[in-house]
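Down below is the structure, laid out as structure tokens.
Every read-out reported here was derived from the displayed coordinates using simple, explicitly stated rules and does not represent laboratory data. The model shown is predicted, which means the values in this text are computed figures rather than measured ones. Heads up, the Cβs are rebuilt from the backbone with ideal geometry, glycines too, and the neighbour counts pull from every protein chain shown.
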Amino acid sequence: MSRIGVFGGTFDPVHKGHVLLAQDAALQADLSRVIFMPAGIQPFKVGMVTAGAEERLAMLKLAVEDHDNMDVSSIEVEADRISYTYMTLRILRGMLCPEDRLFFISGTDTFLKLEKWKNSGALLRENSFIVGTRPGYRENELERCMEILRGKYGTESIKIDNRELDISATDIRKKLAEGKSIADIVPEKVERYIRENELYK
């Protein structure tokens, strides 16, 4: 049986904080690998300007190519529809061995909102979760939420103490638009790709 982490999101662009969270999740939750799952069309971001799906996919592949336990999936990018996590995880599970276990990786804010997601009952019953935290941030609220979801849906959730970088993709895009350096916050190969393809100008 393999324990596989699934890290979804827009990754617009992927940055060092994403890679660190994947590394910490793999180590602390004993994952055999982490699959990055870039969204094609995210329900919460319809109408927002982003880099193209293929460009975000390419940047992710560059970001993880030196990490043997990380992969990138194009399931959602190729779906040509709004990406709903419960559906994506069902598709992915059908591609893996029946005994493999999936763990959806998220931050605290995302985990606290899971019951508002499409078909949240199915999502929470069928999958386990890894929650990245930072000291003192909504800890009591998170503990209560984990307990409630365990009682309602039988949801297994693992809290990890991940390394936290104060980075957001929004800040990166803003820096690029202003002509500022992003060398310290995105992987070197990703920065080169962004510059060569003149993204986020």
* Structure fact -> Straight-line reach check, residue 159, cutoff 17 Å on alpha carbons, 8 or more apart in-chain or any other chain, hits among lysines -> 113
* Asked: Of 119, 127, 140, which has the largest mean-square fluctuation in a 10 Å C-alpha GNM of the chain?
  -> 140
* Search the structure for amide H atoms under 5 Å from the amide H of residue 6, placed 1.01 Å from N in the peptide plane, and list their residues when 5 or more places away or on another chain. => 35, 103, 104, 105
* Under 24 Å from the Cα of residue 201, which lysines turn up, not counting those fewer than eight places away in the same chain? -> 16, 45, 61, 174, 175, 180, 189
* To do: Distance between Cα centroids, segment 128-163 to segment 83-97: provide it in whole Å.
  => 22
* To do: Could you tell me the largest-minus-smallest coordinate of the C-alpha atoms of the chain on each of the three principal axes, in descending order and whole angstroms?
  => 50, 38, 35
* **Percentage relative contact order, segment 68-141, counting C-alpha pairs under 8 Å, at least six apart** => 32
* List, in order, the whole-Hz ³J(HN,Hα) value for each residue of segment 148-155 obtained from phi through the Karplus relation with A = 6.51, B = -1.76, C = 1.60 and θ = phi - 60°; use x for Gly and Pro. => 5, 5, 5, x, 7, 10, x, 5
* Structure fact -> Phi angles of segment 101-113, converted by Karplus (6.51 cos²θ - 1.76 cosθ + 1.60, θ = phi - 60°) into ³J(HN,Hα) in whole Hz with x for Gly and Pro, give 10, 9, 10, 7, 9, 8, x, 4, 4, 5, 4, 5, 9
* Which of the listed residues, 193, 122, 59, is farthest toward the dipole's positive end in the chain, when Lys, Arg count +1 and Asp, Glu count -1 at the beta-carbon? -> 122
* Structure fact -> Listed residues 59, 87, 70; largest mean-square fluctuation, Gaussian network over the chain with Cα springs below 10 Å, found at 87
* Asked: What residues qualify as long-range amide H neighbours of residue 72, i.e. H under 5 Å apart, gap of 5 or more or another chain, H built at 1.01 Å from N?
  -> 36
* Asked: Which of these, 25, 39, 122, has the largest mean-square fluctuation under a Gaussian network model of the chain (Cα springs below 10 Å)?
  -> 122
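Quickly estimate the mean residue ellipticity at 222 nm for the chain, helices only: each DSSP H run with n ≥ 4 gives -39500 (n - 2.57), and the total goes over all residues, rounded to 500. Spell out each step's value before the answer.
Working: 9 runs with 86 residues, N = 201.
Result for the chain: -12500 deg cm²/dmol, rounded to the nearest 500.
Give me the tail of P(r) for segment 26-141 as a percent: Cα-Cα pairs with distance above 26 Å.
Taking all Cα-Cα pairs of segment 26-141, the fraction more than 26 Å apart is 22 percent.
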* With charges set only on the Cβ (+1 for Lys and Arg, -1 for Asp and Glu), what does the dipole of the chain come to about its Cα centre, in debye to the nearest 20? -> 560
* Asked: Of all DSSP beta bridges in segment 3-166, what percent run antiparallel (nearest 5)?
  -> 0
